[in-house]
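Structure first, then comments.
The values are calculated or read from the model by the stated rules, or taken from the named source; none is laboratory data. None of these values were measured; they are calculated from a predicted model. We place every Cβ from the backbone using ideal geometry, glycine too, and count neighbours over all the protein chains shown.
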Amino acid sequence: MTAPAPEPKVDLKNRYLAALLSFLIPGAGQLYQRRHFKAGVFFCGIMLLSMWGMQMGDWKIMYRLEASSTSEAQRGHPFDPREDPHEPFNPPRDRAPSRTGTRSHWGYFAQAPVGIFTLISHLQERRYYSEKNIGAAVEGLSAEQAAEGFLFITDVARNDAGQFETRRVVVRGSLRRETRDGEFGREEIAIFTGETDAGVPVEFLTSSQIQLDAPIAADSRRYLSCPVNDIDAVPTRSGEFHGWIDRGWFDRFLVPPDALTIERLHYNLGKKLTLAEVFTWIAGMLNVLVIWDALAGPAYGYRRRPFDDGDQTGSTKSTEPAAAGATPSASASAPASAEVKS
Amino acid sequence: MNPLLLAQTENMLWYIAPLAAAISMVYSASRYEETESILQRAVRLFFQITIFMALVLGVLWALSYNL
């Protein structure tokens, strides 16, 4: 009976550093240990599941604190977006979001082992709950940017029923910020130029009383509301614009969603939202194995042996457990092939 | 259901294939070091997962028949 061929050693280098790297970026620790194939498998497999899951969940499913069911934004506003979820509108929030009423989002603990996203979501949580994250007035707008929304025009004349009729027009175009001389000195206003969904050109001045949503939120739209004047120089009794501009990518990526945004996610995605979360949970759980692999080497050994995983035949014949004098369970219990150099 | 409508509906079962493939590869790679061993085990695990899920689907389908 011949002695089994010794298994090649795996040089784990500084295994604690490798584990930390694998926590931060799946496979990075293995790359540091020069285990290139495994690094590629771990990176591609886990990042694929994580990114795909987050993309399916509209990049809003990784957050530590779940907002309470009634948000400040939902109270006392003329629009309830849930009435028409296809044309959602969140009223701009003028106060910093509060942690009051939030509860743990348990799925986060399964997602957390993928460190790069955990760190980003922590950073975004701090930014989101910061006291600086409050609504702005017209100065929050840049010089010119794309905007769309709903223009509410109440006619100056009464209709046949003797009431002032309010029309809602969907408009798309751009908002341009300008400074002009007003009744009380220099004032900043914004001018909307665009067209209605019927293709009719439209231009109007917003008043200086623009309410712009806080800069950091999960929603890709940064909402704004304002009274408007001089709608195409047509005399109107009153007008209001409720619209939105694009929120910057980093101001919404992995930012905790508020209750309204979560409700809308459920409405729009249905069971796909759960599937998206499951993808990210599995990715997180798999990365625990990856971190352990960087720390202690492969769990079963260098290569596959007979009787591993209940395989009665064995696919490779390099070693015989009986000849090694070790039971399969004993050989599988420790990363015997790992040579630790720390 | 109309077969044409059914074909147009996104079937979520298709998500099992890439999910099972990623799980098989990552899990197997955490067990062994040698590329050949990883790949062999990953292929085997992929089919194990797929067949198991198909069996579960079959059981659930049978239990919900005519419901």
Against the conditions (1) surrounded by fewer than 18 Cβ atoms within 10 Å (Cβ to Cβ); (2) in contact with a strand residue (DSSP E or B) (Cβ under 9 Å, 6 or more places away or on another chain); (3) not charged (D, E, K, R), where does A:His105 fall short? Just the number, please. (1)
Could you grab me the full set of residues in region A:1-31 that are free of Cβ contacts under 8 Å to residues at least 40 places away in the same chain and surrounded by fewer than 19 Cβ atoms within 10 Å (Cβ to Cβ)? A:Pro6, A:Leu17, A:Leu20
In region A:44-66, is there at least one residue being assigned to a helix (DSSP H, G or I), at pLDDT 95 or above, touching a Gly at 6+ places or on another chain (Cβ under 7 Å) and away from every other protein chain (no Cβ under 14 Å)? no
Matching residues in region A:166-197 - criterion: being hydroxyl-bearing (Ser, Thr, Tyr) and touching a Gly at 6+ places or on another chain (Cβ under 7 Å): A:Ser174, A:Thr193
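Table: residues versus (1) at pLDDT 95 or above; (2) in contact with a helix residue (DSSP H, G or I) (Cβ under 8 Å, 6 or more places away or on another chain); (3) at positive phi.
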position: B:Leu5; (1), (2), (3): no, no, no
position: B:Leu13; (1), (2), (3): no, yes, no
position: B:Ala20; (1), (2), (3): yes, yes, no
position: B:Ala29; (1), (2), (3): yes, yes, no
position: B:Leu45; (1), (2), (3): yes, yes, no
position: B:Leu55; (1), (2), (3): yes, no, no
